[in-house]
Each structure stands twice: as C-alpha cells, then as structure tokens.
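Participant: Got a structure for you, questions after.
The values are calculated or read from the model by the stated rules, or taken from the named source; none is laboratory data. As the structure is a computational prediction, the values presented were derived from the model and not from experiment. Ideal geometry is used to build each Cβ from the backbone, glycine not excepted, and the neighbour counts take in all protein chains shown. Quick note on the areas: whole protein, heavy atoms, side chains included, nothing else; ligands and nucleic acids left out. Shrake-Rupley method; radii C 1.70, N 1.55, O 1.52, S 1.80 Å.
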Amino acid sequence: MNTADDVIISAALTGAVTPKDINEHIPLTPQEIADDAYRCWQAGAAVVHLHMRDENGQGTMSSERFAETLRLLRAHRDCDVIINCTTSGDSRASDAQRMAHVSTLDGIEMASWDAGSFNWMPAGVFVNSPAFLGQLGEILTARGIKPEIEIFDSGMLGVADYFVEQGKLHTPLHYQFCLGIPGGMPATVANLVYLTQHLPAGSTWSAFGVGKYHLPILFASLALNGHIRVGLEDNVYFSRGVKASNRQLVERAAQAVNLYGKRVATPAVARHILGLPPLGGSR
C-alpha cells in the first residue's frame, strides 16, 4: 500500500481545561463527546483524541466516563475511527488513576505518552516522572495500545529514546509535536523543522500549534510530509473572533490536505501507517 500522500487528521475534541462559556461547542458529557467524535469522523478525521470532563466540566480520568464514551461512539456501527485516549486529563489524578483506563478498558487503540515534565505556565508543573513513564510504556505495550509520544520540547526526544533502549517502548514510534504551550517549545516553523530532523528513522509524526499558531503549523506539517491535529482542545477559534466547532476545524484541515494535492487518510489507511491492526483484529 502506497501511503506517501495520505495525511492522518486527528481531532482533539475537548481537552481538560477550557470551559464551555469560552466556546459553546466544546463537548463535555460522554454523549456530547461521542457525538462530536462521530461528526469529526464523517468530516475526515481518522483519529479522535479523547479527554473526559466531570459533572462540573473539569478534566477527569474517570474510567467510567471513558468506557461510556467508547460505548456510545462504537454504537455507530459505521464508524471505524481510531480511538486515542489521554493519560493526562486531570492534574489532580494519581499515576494509578491516569493509567486505570488503559489498563482495564478494551477498545482503546492509542494513548498519549507525554515525554517529560515541565512548567506549564502559569498554572503549575506538568508532572510525568520517569517511574510513571516506564510503567505506562509497559502497560501500553502489553495491551497492544500504540503510544502517542507527545513532545513539548526538544529534550523530550531523548527521554523517548531512553525508554526505547530500556525496552519500555517499541519502535517505530508515533510522535505528536505539541507546540506553543506556555513553558514548552514555541510554535514556529523552524522549531518544527528541527524536531522532524531529529526523529529516529522510520518514525511517524503529527503536529499542532496552539491558538493563533494553529494554521501555520498545520500548513508547515503538510509541507514537511507530516500528519496534522486540529480541535477545540488546542484552538477554539475558526478565524479572528469567530468561534469554531470541531467539525469545522476538521473540514478545513481536509480541504487543506486536498488543496495541497494529498489525500485525507481513512481510518483503515491510518491504521496501516501507524502499525495498528484492523478494527476488531489483533496484532
């Protein structure tokens, strides 16, 4: 299968922080998240990246909410979207709570593996200890869940390399470059180029820029033969002063891919690119 021109669009639907009064389209309940994920799949997203919110709209690592969202999404029998779940959806959660859903639930195909700690300005420290990362890598590997290596700064590439050497992560890896977070690597094209030039051979990667950096990083990713992530977790505006919906952001990303002369990857093609088994299959 020749996939050189296929671009995976990931939709990050809600995140853990942004309240609904900032953008009324942010999904909060399992039903809202599942419905939004389905609409994004219809618009061209091959992957949906899922956070959960509690009854107060705050980020939560509730396994029950993940399970309900997965059930509701897979109730759409025609929907073969790849399900990618966060492991960092609540700053109050313990390491065990952050890993509970990927340890026990079936149907999770990918999960975030945030490659280090840093000062997430000005809120506090985003903690991903070596012990946590090692244990999470072991769990994901044992359960056949593809880790999405989230990179917020260049030194984190070396952290991922370390855990590959330790046998906690298996290559080829898929990297998600998270650019423009305060305290992390600025969302510039030069920084994106630098990161892509320092990836291990055979890796796949995707990128996004937060807020106003959303489109520059999207277009740069296309030019650099990468994949792209969009969604209200990262950017709540479609244009200056105009609030976005997740479906609108996916639709625009799909248009950009087509205008660039590439193809929007279907979930089946994306599974092939990422080394995932067919939906319902086994490795």
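Participant: At 1.4 Å probe size, with every protein chain present, just tell me what the per residue accessible area of the chain comes to in Å².
Facilitator: Numbers: 12100 Å² over 283 residues.
Computed with neighbouring chains in place, this is 43 Å² per residue.
Participant: Starting from the Cα of Asn56, step 7 Å along the direction of its Cβ; do the same at Phe219; then give the gap between the two resulting points in nm.
Facilitator: Using points 7 Å along Cα→Cβ, the separation is 4.2 nm.
Participant: So, in nm, how far is label Met1 from label Val125 when the simple model puts each one 7 Å beyond its Cα toward the Cβ?
Facilitator: Label-label distance for Met1 and Val125, simple model: 4.3 nm.
Participant: Given springs between every Cα pair under 10 Å in a Gaussian network model of the chain, which of Ser62, Ser203, Ser245 has the largest fluctuation?
Facilitator: So, out of Ser62, Ser203, Ser245, the one fluctuating most is Ser203.
Participant: Where in region 50-87 does the amide nitrogen come within less than 17 Å of the point 7 Å from the Cα of Gln97, taken along Cα to Cβ?
Facilitator: So the set is 51-67, 86-87.
Participant: Which of these, Gln197, Gln58, Gln176, has the largest mean-square fluctuation under a Gaussian network model of the chain (Cα springs below 10 Å)?
Facilitator: Gln197
Participant: If each DSSP helix of 4+ residues adds -39,500 (n - 2.57) and the sum is divided by the residues in the chain, what number results at 222 nm, nearest 500 deg cm²/dmol?
Facilitator: When only DSSP H runs of four or more count, the value is -11000 deg cm²/dmol.
Participant: Further, regarding this structure: Relative to the Cα centre, what is the charge dipole magnitude of region 1-109, using +1 at the beta carbon of each Lys and Arg, -1 at the beta carbon of each Asp and Glu, and rounding to the nearest 20 debye?
Facilitator: About 160 debye.
Participant: Give me the distance between the Cα centres of region 215-236 and region 124-139, rounded to whole Å.
Facilitator: Cα centroid of region 215-236 versus Cα centroid of region 124-139: 26 Å apart.
Participant: Here's something else I'd like to know. Roughly speaking, what is the centre-to-centre gap between region 25-52 and region 60-92 when only Cα atoms are used, to the nearest Å?
Facilitator: 9
Participant: Next question, about the same structure. Using θ = phi - 60° and the Karplus curve 6.51 cos²θ - 1.76 cosθ + 1.60, what whole-Hz ³J(HN,Hα) does each residue of region 3-11 get, with Gly and Pro shown as x?
Facilitator: 10, 4, 9, 8, 10, 7, 9, 9, 10
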